[in-house]
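Following: one structure in structure tokens, then a few remarks.
The values are calculated or read from the model by the stated rules, or taken from the named source; none is laboratory data. All figures in this text were calculated on a predicted structure; none of them were measured in a lab. Using ideal geometry, Cβ is built from the backbone for each residue, glycine included, and neighbour counts are taken over all protein chains shown.
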């Protein structure tokens, strides 16, 4: 890690930045940007951020017992303790990816502990564009993708018959709007909202703003270098050459198109209306223009 | 008269039966005494103690609290169990056999390899992997397709036969625990009976394999270390030589990170380096993206067929 950033991140050790997002909203890109900023380069299979919140490996190694012997509610009750212990031994500010919604356990305690949380970077993307990308990620069709995004109790990595044996615990996401609102409405951890579209349109300005909000000073050239190293076509090439371990086994490629506004060619009118009708309020709140269909 | 249960070369004496484990009633002495009692987590800040959210470890003791289920306190020759209100003994034993048993074995210098073991033509093959690596899947599949006999499902105690000068293995835990998705592989085997779910809310089923395991020790032919983390979907085999063999095996000792606390590093290293020097080890890399059928086919064609 570059010394300039190392010392700054070390000063904030014991805290976590939650990189929260609905899937396919720019989380991977943003983590690649952070890796490139702090280290000068990036390998998509060796991201220098700190894993995913739902990791069973981290849970098991701290808990001393097999997380697979717990059900989903039981796991949730332990997750805050696990992360509080984990950060005691971290040497710097950590950046952890999250696809879970901001949820409470059955005792009404948040699963993301306030005292170890530095900030939430909430990455959001126009849900109309998420649909096709999410369908590709889950190796499903547009209609099923819409059904998941519109379901108030949607999960990621859920297994049939309540099984809980994957490397990641099942992640309750709610609907697309439910996910967004759970994070941006909670009052325990400060949130910085990052729109994918702003990252595409004005990457330098947007990325700089977010890093500054974390209390991290940057050099202009480092920001430019990170943006250059993580251009969509470069990440796509890396995936083609070496694969991408975060890709869902069933999907063809993780880095698909990365376009903003591409939904117009991929969704029919009825499909677009299903998304708009369900998420109009949240889309408006996030300044997404509601198209006239 | 206590219940005497033999588990992994240790004799346990308890005032109650240890779940469904075969046992006898006797007054004889044992290596480990198991009793019920009330427990409190050791106070914070004690010198020489390492504190984790649910456990506290020191040179000669280990405390574990499984939330809402049980507290356990272990010393080398004693286990105290404090069942918490609202839990069932079924819950308590799920964690007793998963964590507590392994820790007490380590305290007694019994180093358990995280592996499943099968016997083909009276030779033992061990599939070592971390949780989720596909050990039980491989064992269950080869029982069906290659008529292999299961020796051990998850925790293997390898022993050295000084007379025959070889490492060998025998079943020490007469149950196989399979996720409901993998149980299809053994459902046609009339000699393997489902016993119960591990916990009422968990889809892991315990099967009695006492009828089908070889009764004699089986010499170890090959250890197959399966590692998930390969970025490619294809399965790859890597030749492991020299000290690397020891290093990789050490990483597959269950709860390996406890060993330094219990000051057992020296006997552990002696045992593992000796095992590494005598047993053939194949290191197989797969990724999360590898399809189960491709993985099974690779192991069969590249490692089992060539070896048998």
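Taken over region A:115-140, the criterion of being surrounded by fewer than 22 Cβ atoms within 10 Å (Cβ to Cβ) and touching a helix residue (DSSP H, G or I) at 6+ places or on another chain (Cβ under 6 Å) is satisfied by A:116 alone. Residue B:54 meets all of the listed conditions (1) in contact with a helix residue (DSSP H, G or I) (Cβ under 6 Å, 6 or more places away or on another chain); (2) in contact (Cβ under 8 Å) with a residue 24 or more places away in the chain but one, namely (2). Among the criteria (1) away from chain A (no Cβ under 14 Å); (2) modelled with pLDDT under 90; (3) closer than 21 Å to residue B:126 by Cβ, the one residue B:182 does not fulfil is (1).
Of the residues A:226, A:272, which single one is within 19 Å of residue A:136 (Cβ to Cβ) and in contact (Cβ under 8 Å) with a residue 40 or more places away in the chain?
Selected residue: A:272, the only one of A:226, A:272 that is within 19 Å of residue A:136 (Cβ to Cβ) and in contact (Cβ under 8 Å) with a residue 40 or more places away in the chain.
Scanning region A:121-139 for residues that are within 30 Å of residue B:182 (Cβ to Cβ) and either modelled with pLDDT of 90 or more or assigned to a helix (DSSP H, G or I) (or both) gives A:134, A:135, A:136, A:137.
Return yes when residue B:204 is crowded, with 18+ Cβ neighbours inside 10 Å and free of Cβ contacts under 8 Å to residues at least 40 places away in the same chain and no when it is not. Criteria met by residue B:204. Could you go through region A:17-39 and let me know if any residue there is assigned to a loop (DSSP other than H, G, I, E, B) and within 10 Å of another protein chain (Cβ to nearest Cβ). The answer is no; no qualifying residue exists. Please indicate, with yes or no, whether at least one residue in region A:162-179 is touching a strand residue (DSSP E or B) at 6+ places or on another chain (Cβ under 9 Å), within 14 Å of chain B (Cβ to nearest Cβ) and buried (at least 21 other Cβ atoms within 10 Å of the Cβ). Checked region A:162-179: at least one residue is touching a strand residue (DSSP E or B) at 6+ places or on another chain (Cβ under 9 Å), within 14 Å of chain B (Cβ to nearest Cβ) and buried (at least 21 other Cβ atoms within 10 Å of the Cβ).
Please determine whether any residue of region B:158-174 is away from chain A (no Cβ under 14 Å), at positive phi and at pLDDT 85 or above. Scanning region B:158-174, I find at least one residue that is away from chain A (no Cβ under 14 Å), at positive phi and at pLDDT 85 or above, so the answer is yes.
What number of residues within region B:85-111 satisfy the criterion of being assigned to a helix (DSSP H, G or I) and more than 13 Å from every other protein chain (Cβ to nearest Cβ)? Don't jump to the end; show me each part of the working.
Narrowing region B:85-111 to residues assigned to a helix (DSSP H, G or I): B:89-107.
Then drop every residue that is not more than 13 Å from every other protein chain (Cβ to nearest Cβ), which leaves B:89, B:104-105, B:107.
Total meeting the criteria: 4.
Of the strands (runs of 3 or more DSSP E) lying entirely inside region B:1-45, the ones with 1 or more residues being under 15 Å from residue B:79 (Cα atoms) are found at B:2-7, B:10-14, B:32-36.
The set of residues in region B:185-201 being within 12 Å of chain A (Cβ to nearest Cβ) and either exposed (fewer than 13 other Cβ atoms within 10 Å of the Cβ) or touching a strand residue (DSSP E or B) at 6+ places or on another chain (Cβ under 8 Å) (or both) consists of B:197, B:198, B:200.
Evaluated against (1) more than 14 Å from chain A (Cβ to nearest Cβ); (2) surrounded by 14 or more Cβ atoms within 10 Å (Cβ to Cβ), residue B:228 falls short on exactly one condition, (1). The conditions of being part of a helix (DSSP H, G or I), surrounded by fewer than 18 Cβ atoms within 10 Å (Cβ to Cβ) and within 14 Å of chain B (Cβ to nearest Cβ) are met by residue A:45.
Exactly one residue among A:68, A:144, A:106 is assigned to a helix (DSSP H, G or I), more than 10 Å from chain B (Cβ to nearest Cβ) and farther than 23 Å from residue A:31 by Cβ, and that residue is A:144. Looking across region A:169-221, the residues that are under 18 Å from residue A:287 (Cα atoms) and part of a strand (DSSP E or B) come down to A:191, A:192, A:193, A:194, A:195. All of (1) more than 14 Å from every other protein chain (Cβ to nearest Cβ); (2) within 30 Å of residue B:100 (Cβ to Cβ); (3) crowded, with 17+ Cβ neighbours inside 10 Å hold for residue B:283 with one exception: (2).
Against the list (1) away from chain B (no Cβ under 14 Å); (2) modelled with pLDDT of 90 or more; (3) in a helix (DSSP H, G or I), the condition residue A:118 fails is (3).
Which members of region B:46-55 meet the condition of being part of a strand (DSSP E or B) and surrounded by fewer than 21 Cβ atoms within 10 Å (Cβ to Cβ)? Walk me through it before giving the result.
Looking only at region B:46-55, we keep the residues that are part of a strand (DSSP E or B), and these are B:50-51, B:55.
The answer is B:50, B:51.
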